[in-house]
Structure formats: structure tokens, C-alpha cells
């Protein structure tokens with residue numbers, strides 16, 4: 001049986017990764033897993049800082065990895081709305097597909113900071129529960145760690161330069 005395709009996303013905060021993930025999952029009839037949804041469900045009202053996010057995100061990863069590998073091995077594709085914005089995040093995502101020899105796609109949404117900030121502001125208005133963390137200050141703090149993917153990393157990278 002052939003394995004499903006793992007698709008994951010890289011892009012600065014506000015670039016539209018979640019929106020694109022929903023679109024790709026619907027188009028490909030794939031299982032969509034959202035880190036934000038898992039964190040909100042399992043750790044309600046626990047994440048108010050970048051350190052909190054890192055701590056709770058790392059608690060999820062071992063079980064999510066097993067789940068995704070199981071789904072991929074069943075022949076079903078998976079779209080992961082988990083950030084691939086740092087080398088260590090991409091290494092973790094690589095381990096998921098590499099260990100089971102599943103195909104993958106890394107979608108890199110490459111938008112200017114100004115557009116990301118506009119989209120963050122819009123999201124704050126549409127989702128007031130995110131107002132505390134979706135700020136220009138948080139964007140600046142998170143963006144310090146952002147590393148764009150390079151061809152040397154060896155991913156099947158699809159570059160998206162607008163929310164199309």
C-alpha cells in the first residue's frame with residue numbers, strides 16, 4: 001500500500017499558514033491537524049507567552065508524531081498546520097515522514113512583514129480570544145527565530161508568494 005503525503009507549512013506569523021492548510025486539506029481530501037486546536041483543547045488558558053507555547057507544543061509532539069505516521073501508513077494524506085519556521089521544527093517534521101519513507105511537501109508562504117502584520121490585525125478583530133497573543137510585539141519576538149527553508153535542507157518545497 002502506498003503511503004499518504006505529509007504536507008506542512010513555513011511562513012511568518014500572519015502569513016496565512018492555517019488558511020492555506022485548510023484549503024490544501026480540502027482539495028486533497030486529507031486529514032488536517034492543527035497545532036492551535038490541539039493546544040487550545042488540551043491546555044486551555046495555559047498559553048500566554050512564547051515560553052508557554054514552546055513547553056506545551058513540545059508535550060504534544062511525541063503523540064502527534066505517532067498519530068501522523070499511523071495515518072500516513074494507512075495511505076491517507078495528512079496536512080499539518082504546525083509551524084515549520086525554524087530548523088528544529090523542520091527537523092521534527094522531517095522525522096515524521098523520513099522514518100516511514102512517506103512523501104512530503106513543504107509549502108513556504110513567503111509574504112512581506114507588512115502583509116503579515118495586516119493579517120494579524122484582521123485576525124485579532126475576527127478572533128478576539130487571540131488578541132492577547134496576536135500582536136505586533138509577538139510578531140517581532142517570533143520572527144527573530146524564523147529561518148526560511150533552503151534547498152540544502154532537501155525538502156520538496158513549494159513556494160507561495162501570495163494567498164492564492
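No value in this document is a laboratory result; all are computed from the given coordinates. These numbers were taken from a predicted model, which means no experiment stands behind them. Counting neighbours? That spans all protein chains shown, and the Cβs are built from the backbone with ideal geometry, glycine included.
The Rg/Rh ratio of the chain, with both radii computed over alpha carbons and Rh defined as the Kirkwood radius, is 0.95.
Reported to the nearest whole Å, the Cα centre-to-centre distance from region 72-90 to region 1-44 is 8.
The alpha carbons of region 70-145 occupy a box of 40, 25, 19 Å along the principal axes, longest dimension given first. Taking the C-alpha atoms only, the angle from helix 87-99 to the longest principal axis of the chain is near 20 degrees.
For the chain, relative contact order (Cα pairs under 8 Å, six or more residues apart, normalised by length) works out to 38 percent. When each of the peptides 66-77, 83-94, 122-133 is scored by the mean number of other C-beta atoms lying within 10 Å of its residues, the order from highest to lowest reads 83-94, 66-77, 122-133.
The slack between residue 113 and residue 100, meaning 0.36 nm per residue of separation minus the straight C-alpha distance, is 1.1 nm.
Would you list 65, 20 from fewest to most Cβ contacts within 10 Å?
Numbers: 65 15, 20 20.
If I rank by nearby Cβ atoms, fewest first, I get 65, 20.
The helix-based estimate of mean residue ellipticity at 222 nm for the chain, built from -39,500 (n - 2.57) per DSSP H run of four or more residues and divided by its residue count, is -15500 deg cm²/dmol to the nearest 500.
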